[in-house]
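Only one structure is covered here, and it is reproduced in the block below.
The values are calculated or read from the model by the stated rules, or taken from the named source; none is laboratory data. Everything quoted here is computed from the prediction, not taken from an experiment. FYI the Cβ positions are ideal-geometry reconstructions off the backbone, even for glycines, and counts take in every protein chain you see. What goes into the accessible areas is simple: the full protein's heavy atoms, side chains included, and nothing from ligands, DNA or RNA. Shrake-Rupley method; radii C 1.70, N 1.55, O 1.52, S 1.80 Å.
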Amino acid sequence: MSAVDPTLAKASTLADQAYQALARSIVTGELLPGTRMLEVEISERFGMSRGPLREAMRRLEERGLVERISQRGVRVVRLTGSKLRGIYQVREALEGMACRLAAQNMTDTEIAELRMMLKAHEAVVRERDDYSQNQQDWDFHDRIARGSRNEMIVSLLCDDLYQLLKVYRNQHKSKPGRARRALEEHWRILGALEDRDGEMAELMMRRHIGAALALFEPTWANEETENDRDAETAP
């Protein structure tokens, strides 16, 4: 077996670093939706060489974090109402199945840790009503997805859908009162997991995601109109 070319290994590492840096900037909102990803500017801003940057951009496009617009190049993804609706519909199905499998496959220790997590989340909600905007909410869903022990579900949710939703969440405030309702729904999901009731766990998770969709969907029509207007006037 031939040895790995150290030059290629280094290039791969640089591409990984470029991808992680850009993905983090997109997810946190440092690079706003609609921002044009010009190679020269991005290269200078993040101190990246063009080769690893191109590979990183290709991976970002695969993950849906950037989009290629005809005759306008690449830009940070704009999550319009139709895209978000599709994401939530797929999320409801995948997370429902993940929850059903987690009820079968999570260890008692993992479920006990979820209970400890939710108790800590209660303190956050009492202090400030923005639980659904914080990392705690994602931790709960992430642990259940991984607890399914299904690698395909983990990849689709944790590597793809959750990253896209973080882009959206970081640009929008939570609805008043949603944090407390989300926490209550999490407790119901946990109860089903503790009972090892896969059918009820799936139902509770589907209702949880469906409630979020019903709450946020009415706001997307206005956002979609604004995005279309911005796109028409963009250079």
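For Lys166, the conditions (1) touching a residue at least 40 places away in the same chain (Cβ under 8 Å); (2) over 25 Å from Thr28 (Cβ atoms) are fulfilled apart from (2). Just a yes or no: is a residue in region 215-226 outside any loop (DSSP other than H, G, I, E, B), at pLDDT below 90, open to solvent by 40 Å² or more (accessible area, probe 1.4 Å) and hydroxyl-bearing (Ser, Thr, Tyr)? Yes, because at least one residue in region 215-226 is outside any loop (DSSP other than H, G, I, E, B), at pLDDT below 90, open to solvent by 40 Å² or more (accessible area, probe 1.4 Å) and hydroxyl-bearing (Ser, Thr, Tyr).
Of the residues Arg36, Arg75, which is open to solvent by 50 Å² or more (accessible area, probe 1.4 Å), more than 16 Å from the chain's Cα centre (by Cα) and of a type in the set (Lys, Arg)? Don't jump to the end; show me each part of the working.
Working: Arg75 fails: open to solvent by 50 Å² or more (accessible area, probe 1.4 Å).
Testing whether each residue is open to solvent by 50 Å² or more (accessible area, probe 1.4 Å), more than 16 Å from the chain's Cα centre (by Cα) and of a type in the set (Lys, Arg) leaves just Arg36.
Restricting attention to region 80-94, does a residue exist that is among the hydroxyl-bearing types (Ser, Thr, Tyr), closer than 30 Å to Arg196 by Cβ and either modelled with pLDDT of 90 or more or part of a helix (DSSP H, G or I) (or both)? Yes, region 80-94 has at least one match. Within region 22-33, being open to solvent by 20 Å² or more (accessible area, probe 1.4 Å) and either farther than 15 Å from Arg75 by Cβ or assigned to a helix (DSSP H, G or I) (or both) holds for Arg24, Thr28.
Could you go through region 202-215 and let me know if any residue there is touching a Cys at 6+ places or on another chain (Cβ under 6 Å) and within 25 Å of Ala102 (Cα to Cα). Before the answer, list the steps.
If we filter region 202-215 for residues that are touching a Cys at 6+ places or on another chain (Cβ under 6 Å), which is where we start, we get 202, 205.
Adding the requirement that they be within 25 Å of Ala102 (Cα to Cα) leaves 202, 205.
Yes, region 202-215 contains a residue that is touching a Cys at 6+ places or on another chain (Cβ under 6 Å) and within 25 Å of Ala102 (Cα to Cα).
In this structure, is Met57 out of contact with any His (no Cβ under 9 Å at 6 or more places or on another chain), part of a helix (DSSP H, G or I) and open to solvent by 50 Å² or more (accessible area, probe 1.4 Å)? No: the conditions fail for Met57. Scanning region 52-87 for residues that are within 12 Å of Tyr19 (Cα to Cα), in contact (Cβ under 8 Å) with a residue 24 or more places away in the chain and either of a type outside the set (Asp, Glu) or in contact with a Phe, Trp or Tyr (Cβ under 7 Å, 6 or more places away or on another chain) (or both) yields Pro52, Leu53, Ala56, Met57, Arg59, Leu60, Arg63, Leu65, Val66.
Candidates in region 169-209 are the residues that are more than 30 Å from Ser25 (Cβ to Cβ) and among the basic types (Lys, Arg); of these, the one that is surrounded by the most Cβ atoms within 10 Å (Cβ to Cβ) is Arg206. Any residue that is on the phi < 0 side of the Ramachandran plot, out of contact with any Asp or Glu (no Cβ under 7 Å at 6 or more places or on another chain), at pLDDT 85 or above and in a helix (DSSP H, G or I) - is there at least one of those in region 124-139? Yes, there is a match, as at least one residue in region 124-139 is on the phi < 0 side of the Ramachandran plot, out of contact with any Asp or Glu (no Cβ under 7 Å at 6 or more places or on another chain), at pLDDT 85 or above and in a helix (DSSP H, G or I). The set of residues in region 178-207 that are closer than 24 Å to Arg128 by Cβ and touching a residue at least 60 places away in the same chain (Cβ under 8 Å) comprises Leu183, His186, Trp187, Ile189, Leu190. When the criteria are applied in full, Ala98 meets the requirement of being part of a helix (DSSP H, G or I) and buried (at least 20 other Cβ atoms within 10 Å of the Cβ).
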